[in-house]
Each structure stands twice: as C-alpha cells, then as structure tokens.
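The values are calculated or read from the model by the stated rules, or taken from the named source; none is laboratory data. Since we're looking at a predicted model, the values are computed, not measured. Here the Cβ positions follow ideal geometry from the backbone for every residue, glycine too, while neighbour counts run over all protein chains shown.
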Amino acid sequence: MPRNFLLVFLFGIQFMIAQQKTEVENQISEIYRKVLTEGKSYNWLEHLSKNIGGRLSGSLNAERAIKWAKDELDSIGLDSVWLQPVMVPKWVRGTFEYANIESSPGNTINVNVCSLGGSIATPTGGIKANVIEVKNISELERLGADKIKGNIVFFNRPMDASLVNTFDAYSGAVDQRYSGAAEAAKFGAVAVIVRSMNLRLDDYPHTGVMSYGSLPISKRIPAAAISTNDAELLSSMISLNPNLRFFLRQDCKNFPEVKSYNVIGQINGSESPESVILVGAHLDSWDLGDGAHDDGAGVVQSMEVVRVLKRMNYQPKNTLRVVLFMNEENGSRGAKAYAKAVSKKKEKHLLALESDSGAFTPRGFIFDTSDNYFNKILKWKPYFDPYYIHLFSRGGSGADVSLLKQDAMVLSGLKPDSQRYFIHHHSDMDTFDTINKRELELGAATMATLIYLTDFIGLE
C-alpha cells in the first residue's frame, strides 16, 4: 500500500509539472501572437519619433513626451499611473556647428562635426589652431603642456572592430569623448575634437555626454565630435602637413536645472503587491535624429509589456511596474530619483529589466545577479528556444536599472543584435525609418516573456 501510494503521489507531481509546463508554453505563445499581430509598439514609436522627435532633457520635446507617455499608459487601464519629479540639466545645442581644415591660407575643406553634450561654446568668431593628434589620454599626458598648449587636441582612437560585442568596443573608446576635454584643458589645449563612436566610416558625427569633472568654468574648453570619414581625412592630412590648422565654431549653452519627470505605471499584484517586477527604458534622447533606437524603442517595448499582459487579462502575483526614466543621456537624474525613492520606501524589487540597445532582433538577456538566481533563470531557457532567444549571460544590466543594485534581486538588460546599433547611436541616423517593425515587436514579446516567467514561476 505505501509503495502504491508513493507511485501515485510521484505520478501526480509529474502530471502537475507537465500541466504547468503546458500552461506556461501556451501563455508565452499567446504573448508572442498578440504582440506580433495586435501590438501597438510600432505605432507608438512612429508617433514618439515623428510627431515629437528628439527629446533632450529639459527641452520642450521632453515635456511633450512625458505628457504623451502618461496619456498612453492611462489608456491601457493600469491600476495607477503617475509622474515622479526630478531636476535635470538643460543644455542647448544652438545653431549648427561649423568646422574646416585649413591646409594653407585660403585653402579649406569643410568637415562634419557636432558639439558634445554639456560642452561650452567657442568664442563668437570661432577657434582656429594647430592640431595635435593622440590616440588616448595616456598619450596626451606623455606629450604634456609643451606640446599641447595653445593647440586643438584631436582624439582619434577608433572603436575596436575585432570585438564582436560592439558595446565592448564602445566601452573601450568612449573615455576620450567623456573625459578628453577635461584632460586636454589641464595641458592648455584650446579645444578638443573627438572621433565619433561609430564602427562604420560615414559622414555623420555622433554626439554624447562629456564631463569637465571638477574643472573650473574659466578653464573649460569646447568639445566636438567629428565624423569617422572626416577623422580619417584629418589624420591623413596631419601626417602630410603637421602645421595645418583647424577651425571650429559652435554656440551651445548650459542653463540652470529645470524640473522634469519620470513616467511610472503599474498593475498591482494579487498575492504579493509589495514585491515589484520592473520593466523600463529612458524617455529622453539626444537632439540629433529622433531617438527611435535610443531609446524610443525601449520605451514602447516596455509599454507594450504591460499592455499585452493587461490585454490577456493576466493577473500578476506581484506588482508589475513600467518606469520611463528621464535624463539617462546626460546625468541619469531620473534613475537616481527612482532609486532614492525605492530605498526610502524600502520597496522590494524581484527583477528590473531594461531595454536600451536598439530595436534590432533580440538575442537574449544579460543579468547582474547571484549564482542562485541566475541558475534558476537558466532553467527557463527552453521556453525561449522556439523564439530563437539563446543568449543568457552574466554581466551588467542597463544604465538606469543598475542603480537598483542594492534593492533588486535580479537586474537585467535585453540584448538585441548589436552590429548596426552604433551606426545610429547619438546621431542624425537615429530615425524611425531605420526601425524594423518585426524586430521591434519581437523584442517586446521577449521582454514580456521574461516578466511573465518571473511573476508566474518566481525566483524563490
């Protein structure tokens, strides 16, 4: 009798496991079906990109995007939607920048440049000086003030094309953009020109945030990016004529901080409402292009996650929250404000998932978590196999959710194919016409699946 009872018990357990597996598979299939056939992410992104456009923190377009996002989240029928105040920097590009290379008096070649975010302007009449080319900050330091003073420093270290993960290539080159002006100013440089963060050779300069660190205002110098084609040209011309001169004019300006907002919405949990599962992206963008890939795609994908689960009448056990962060591009003020509020309220976040890598074909996720939680998540890989999602790796997460490290069990980032991302990143090439509807929607469905699994199966 005991043996028979044990067999029946074990059979019952196996049956329940198989039944749950089937239920999960059916739910995931329905998530993908609804997103791919009834999704709103593509139309949302078209409006955000075309009707609002670039959404630099502190700008009128950023304000318009906040109102639009709140209205759309309200229309989904979430349990609550609100704005979280945050003070953000305000930097304005001004009129279009102008630059040329002067090989000899009267002989000039115009080149494509753009001011780096946070840079000061040149004098009204511009700056003209000789150029010192360096590959990195260490080379700058070796040359010292004797070589640098009174000259324009040209940082010309390309992203490493041998790295398959283009974000690794970006990380390996971006220090010259972020810190180049501060470091060059210490040695008396009058301006810096930085090779654009782009693996492709083209004519589009790429902006991005730079910092003067603790440098006094009186010591700060203008900073601009130059297109990769023109960086190659400038380098070649310097090798032939070290005495050539470079002219730069820009009239960007920093203003006092202004009030802005994170946009937040949620579906309350039915069993553990105090536990939060977060999906999010940053609502701001740079002012070049319309911010479709960076990070309009992540915004609409995150909104689609809560929309499709609501549409399926899914009742989450935990609270599902979508957060659209403001000011990721030049200060992360929105993420800091959110993390501060979470800490103050002592909120428990089970998972915080971010999309900020473009609207390309999803490959999987990257996770910042313990071995225990990561191993549990790895058991979910078979659920993703039918959708060609295979990448589950350890590492970082996303710039905004990373600030929740002390308050979240799992931090994660969606990882699309990265090979085309830096063609568009922070440039005039980041436009809605480069978005593939299918790829965008697959990313949203993949994110919704991870959110669903975290809630339904759980991490404990």
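Here are some notes:
- Residues of the range 307-331 that are surrounded by fewer than 24 Cβ atoms within 10 Å (Cβ to Cβ) and assigned to a helix (DSSP H, G or I): Leu309, Lys310, Arg311.
- Filter pass, Val131 being modelled with pLDDT of 95 or more, more than 22 Å from Ser211 (Cβ to Cβ), in the same structural domain as Ser171 (by TED's automatic domain parsing) and not acidic (Asp, Glu): yes
- Taking the criterion of being surrounded by fewer than 20 Cβ atoms within 10 Å (Cβ to Cβ) and in a strand (DSSP E or B), the only residue of the range 336-362 that qualifies is Lys348.
- Output for the range 193-228, where each listed residue is surrounded by fewer than 22 Cβ atoms within 10 Å (Cβ to Cβ), among the small types (Gly, Ala, Ser) and either closer than 20 Å to Asp428 by Cβ or in contact (Cβ under 8 Å) with a residue 40 or more places away in the chain (or both): Ser211
- Of all residues in the range 229-250 being surrounded by fewer than 19 Cβ atoms within 10 Å (Cβ to Cβ) and under 29 Å from the mean Cα position of the chain (by Cα), the one that is nearest to Val111 (Cα to Cα): Asn229
- Given (1) assigned to a strand (DSSP E or B); (2) over 22 Å from Trp286 (Cα atoms); (3) out of contact with any helix residue (DSSP H, G or I) (no Cβ under 9 Å at 6 or more places or on another chain), index of the condition Ile101 fails: (3)
- Residue among Ala181, Ala185 that alone is under 16 Å from Val113 (Cα atoms) and crowded, with 21+ Cβ neighbours inside 10 Å: Ala181
- Residue match in the range 61-71 (condition: surrounded by 14 or more Cβ atoms within 10 Å (Cβ to Cβ) and part of a strand (DSSP E or B)): no
- Exclusive hit being surrounded by fewer than 24 Cβ atoms within 10 Å (Cβ to Cβ), in contact (Cβ under 8 Å) with a residue 12 or more places away in the chain and small (Gly, Ala, Ser), set Ser302, Ser270: Ser270
- Residue, farthest from Gln250 (Cα to Cα), within the range 72-98, restricted to residues that are out of contact with any helix residue (DSSP H, G or I) (no Cβ under 7 Å at 6 or more places or on another chain) and assigned to a strand (DSSP E or B): Ser80
- Beta carbons closer than 9 Å, at least 6 apart along the sequence or on distinct chains, pair a first residue in the range 74-87 that is farther than 16 Å from Tyr314 by Cα and surrounded by fewer than 12 Cβ atoms within 10 Å (Cβ to Cβ) with a second that is at pLDDT 95 or above and of a type outside the set (Lys, Arg) for Pro85/Ser260; Pro85/Tyr261; Pro85/Asn262; Pro85/Ala337.
- In the range 148-185, the residues that are without any contact (Cβ under 8 Å) to a residue 24 or more places away in the chain, part of a helix (DSSP H, G or I) and not hydroxyl-bearing (Ser, Thr, Tyr): Asp168
- Residue tally, condition touching a residue at least 12 places away in the same chain (Cβ under 8 Å), part of a helix (DSSP H, G or I) and of a type outside the set (Val, Ile, Thr), over the range 229-241: 8
- Restricting the range 105-146 to residues that are more than 35 Å from the chain's Cα centre (by Cα) and without any contact (Cβ under 8 Å) to a residue 40 or more places away in the chain leaves a set whose member that is surrounded by the most Cβ atoms within 10 Å (Cβ to Cβ) is Asn107.
- In the range 376-401, residue surrounded by the fewest Cβ atoms within 10 Å (Cβ to Cβ) [restricted to those that are in contact (Cβ under 8 Å) with a residue 40 or more places away in the chain and hydroxyl-bearing (Ser, Thr, Tyr)]: Tyr387
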